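A quick write-up on the structure given underneath.
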């Protein structure tokens with residue numbers, strides 16, 4: 001970058017639904033990497049028939065890309081959870097801008113703590129932790145063992161392709177799996 005040149009603010013683009021094409025800026029935070037457009041497109045093609053009126057949970061929400069995309073495509077409600085206060089503030093701002101505060105909640109909390117404290121259940125859960133934190137497998141276990149998933153729900157799990165985290169044995173079936181760059185992403189169904 002040239003000396004004195006201003007660095008571009010990171011942004012994401014909503015790729016489908018009522019807010020299609022909207023661009024939302026998010027803070028440049030360590031470990032925050034919104035799910036790529038092509039991965040989101042594939043994921044929401046998988047989830048298409050299940051999104052209408054679904055109650056969603058976007059754990060490790062970061063930019064809020066997955067939950068906002070779900071709301072844009074017809075989900076009834078989404079709970080956003082992230083431990084980074086600056087990221088959570090940005091997600092709250094986006095939801096306000098999109099006039100989506102009535103169909104969402106935003107929580108600044110660690111995913112594990114949030115799941116242990118709540119009694120809510122969800123139809124669709126997005127689990128996309130920072131890759132180097134290695135929190136995916138334990139989060140999936142907690143979701144299944146604490147009865148946070150409704151019957152016939154869907155869980156999206158994103159992890160590093162070069163060092164993938166396993167899906168907890170005996171708790172989920174892997175329905176779909178794809179790779180894109182250094183991302184391994186799966187659609188799971190609890191057993």
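The values are calculated or read from the model by the stated rules, or taken from the named source; none is laboratory data. The structure presented is a predicted model; accordingly, all values stated were derived computationally and were not measured. A quick note on method: Cβ atoms are made from the backbone with ideal geometry, for glycine too, and the neighbour counts reach across all protein chains shown.
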Within the stretch 54-71, is even one residue surrounded by fewer than 21 Cβ atoms within 10 Å (Cβ to Cβ), part of a loop (DSSP other than H, G, I, E, B) and at pLDDT 95 or above? no
So which residues in the stretch 143-163 are more than 17 Å from the chain's Cα centre (by Cα), at negative phi and outside any helix (DSSP H, G or I)? 146, 150, 151, 161, 162, 163
For the condition more than 18 Å from residue 61 (Cβ to Cβ), surrounded by 14 or more Cβ atoms within 10 Å (Cβ to Cβ), touching a strand residue (DSSP E or B) at 6+ places or on another chain (Cβ under 6 Å) and touching a residue at least 12 places away in the same chain (Cβ under 8 Å), what is the one hit in 156, 114, 172? 172
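Per-residue answers, yes or no, for (1) out of contact with any helix residue (DSSP H, G or I) (no Cβ under 7 Å at 6 or more places or on another chain); (2) surrounded by fewer than 19 Cβ atoms within 10 Å (Cβ to Cβ); (3) closer than 26 Å to residue 49 by Cα:
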| residue | (1), (2), (3) |
| --- | --- |
| 129 | no, no, yes |
| 144 | yes, yes, yes |
| 150 | yes, yes, yes |
| 161 | yes, yes, no |
| 179 | yes, yes, yes |
When you look at residue 74, is it over 16 Å from residue 58 (Cβ atoms) and part of a loop (DSSP other than H, G, I, E, B), yes or no? no
The lone exception for residue 183 - which of (1) modelled with pLDDT under 95; (2) over 28 Å from residue 22 (Cβ atoms); (3) under 15 Å from the mean Cα position of the chain (by Cα) it fails: (2)
